[in-house]
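Peer 1: Before I ask anything, let me first share the structure, which is written out below as structure tokens.
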Amino acid sequence: MKRHEFIRNALFGTGWLAAAVASLQTVSANRNVRKYQQQPDAGSPESNLINHTKINSMANSVLHPADSRGDANHGWLHSKHTFSFSDYFNPERMQFGALRVLNDDIVNAAMGFGRHPHNNMEIISIPLEGELEHKDSMGNVAVIRKGDIQVMSAGTGVEHSEHNKSLDKPVKFLQIWVFPNKQNVTPRYDQITLNPADRKNTLQQILSPDPNDAGVWIHQDAWFHLADFDKGTETQYTFNKNGNGLYVFVLDGDILVEEQALHTRDGFGIWNTNQVYIKAQSNAEFLLMEVPMQGY
């Protein structure tokens, strides 16, 4: 499949955009993907967790404040789009390397997305509140809740639906798309339940490329971590693969990433470095997504 055909299928023939077209009759607009250019290797950063002044001076970064995201309120669905999606189009906000979609969704009670198709995309759902019911053409029927991680490798093609199982409470969750490193794989579904205590003042791995590693796995050299830090807790994140970038998304609270202050629902991407310094400025929960930057 040619590159432009793959991108077109990813954006229009798959996933939530197709659902939006079917359910909301929205006009799709995402036709061009801006590539982040890899710069020369920054080498080993000067890092010190105790006396942190300035490190990663050659790193590249991008800041996405919470209030700069696309805002789509359809009544039954309220979605914040970090990257261009459906009616929200910003040529400077198409993706972060292989990370294509980061939607912060709230679905009203008893509402949801009808059955719709996906192909050649790795789709991750992280529930934040409530219960989300999943049904798909592979025969899977499941409910995911806070503490669960759901993954679906769409591959050659799959259809599914997602609905709020509650009759009186909203469901809140993150919907994430990652470009795969191989196309037309056999579709698969998986979900796991994690122990939130395992991310207290540390990084809990929730996703990797290795089926035998912690968390779920996808067809991509990507690693995701969740963290729940008390104020003052600090860490140094070391990249798993050279050339990858790290996208930080703050679920709640305030953190410092390098010299950049981030607050609830802010996003921050950094690349051309080997390590990233993180410190909680208040009690904070956040998601780290390490993804390839080249070729996407």
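Nothing in this text is a laboratory measurement; each read-out follows from the coordinates by a stated rule. Since the model is a prediction, treat every value here as computed from it, not as a measurement. Don't worry about glycine lacking a Cβ; one is built from the backbone with ideal geometry, like all the others, and counts go over all protein chains shown.
Peer 1: Out of segment 146-186, which trypsin sites (Lys or Arg not before Pro) are coil in DSSP terms and have no more than 11 other C-beta atoms within 10 Å?
Peer 2: Numbers: sites: K146, K165, K172, K182; in loops: K146, K165, K182.
Of the trypsin sites (Lys or Arg not before Pro), the ones in loops of segment 146-186 whose Cβ has at most 11 other Cβ atoms within 10 Å are K182.
Peer 1: Same structure, new question: Pull out the extension gain between A110 and D67, defined as 0.36 nm times the separation in residues minus the alpha carbon to alpha carbon distance; nm, one decimal.
Peer 2: On the way: separation 43, 0.36 × 43 = 15.48 nm, distance 2.78 nm.
Gain on stretching A110 to D67: 12.7 nm.
Peer 1: Further, regarding this structure: Return the subset of K80/K182; K146/K241; K146/K231; K169/K279 for which the Cα-Cα distance in this structure is over 26 Å, preserving the input order. Can you show the working numbers first?
Peer 2: Details: K80/K182 29 Å; K146/K241 29 Å; K146/K231 23 Å; K169/K279 34 Å.
Among K80/K182; K146/K241; K146/K231; K169/K279, the Cα-Cα distance tops 26 Å for K80/K182; K146/K241; K169/K279.
Peer 1: Using 1/(1 + (r/R0)^6) with R0 = 30 angstrom and r between the beta carbons of N140 and D252, what's the FRET efficiency to the nearest 0.05?
Peer 2: Values: r = 30 Å, r/R0 = 1.01.
Plugging the Cβ-Cβ distance into 1/(1 + (r/R0)^6) gives 0.50.
Peer 1: So what J values fall out for segment 186-192 if you push phi through Karplus, 6.51 cos²θ - 1.76 cosθ + 1.60 with θ = phi - 60°, rounded to Hz, Gly and Pro as x?
Peer 2: Residue by residue, segment 186-192 yields 5, x, 8, 9, 7, 8, 9 Hz.
Peer 1: Tell me which residues come under 5 Å, amide H to amide H, from N201 once H is placed; ignore anything under 5 positions away on its chain.
Peer 2: D228, F229, D230
Peer 1: Here's another thing I want to ask about it. Suppose the chain between N184 and L167 were pulled fully straight at 0.36 nm per residue; how much longer would it get relative to their current alpha carbon spacing? Intermediate results must be reported in sequence, preceding the final value.
Peer 2: On the way: separation 17, 0.36 × 17 = 6.12 nm, distance 3.72 nm.
Extra length available between N184 and L167 comes to 2.4 nm.
Peer 1: Once phi is turned into ³J(HN,Hα) by the Karplus curve 6.51 cos²θ - 1.76 cosθ + 1.60 with θ = phi - 60°, what whole-Hz value does each residue of segment 247-258 show in order, with x for glycine and proline?
Peer 2: Listing the rounded values in order: 10, 9, 10, 8, 6, 6, x, 9, 9, 10, 10, 6 Hz.
Peer 1: Return the long-range amide H neighbours of G245 (sequence gap of 5 or more, or a different chain), with a cut-off of under 5 Å between placed amide H atoms.
Peer 2: Correct list: V291, M293.
Peer 1: Further question on the same structure: On a full-extension model of 0.36 nm per residue, what is the gain between I192 and D87, subtracting their alpha-carbon distance, rounded to one decimal in nm? Before the final figure, lay out each step's value.
Peer 2: Working: separation 105, 0.36 × 105 = 37.80 nm, distance 3.23 nm.
Between I192 and D87, full extension yields an extra 34.6 nm.
Peer 1: Just want the answer: with Cβ charges of +1 for Lys and Arg and -1 for Asp and Glu, which residue in P209, G155, L256 is farthest toward the dipole's positive end in segment 155-282?
Peer 2: G155
Peer 1: Check S166: other-chain or 5+ apart residues with amide H under 5 Å from its amide H, H built from backbone geometry?
Peer 2: Under 5 Å from the amide H of S166: A110, E131.
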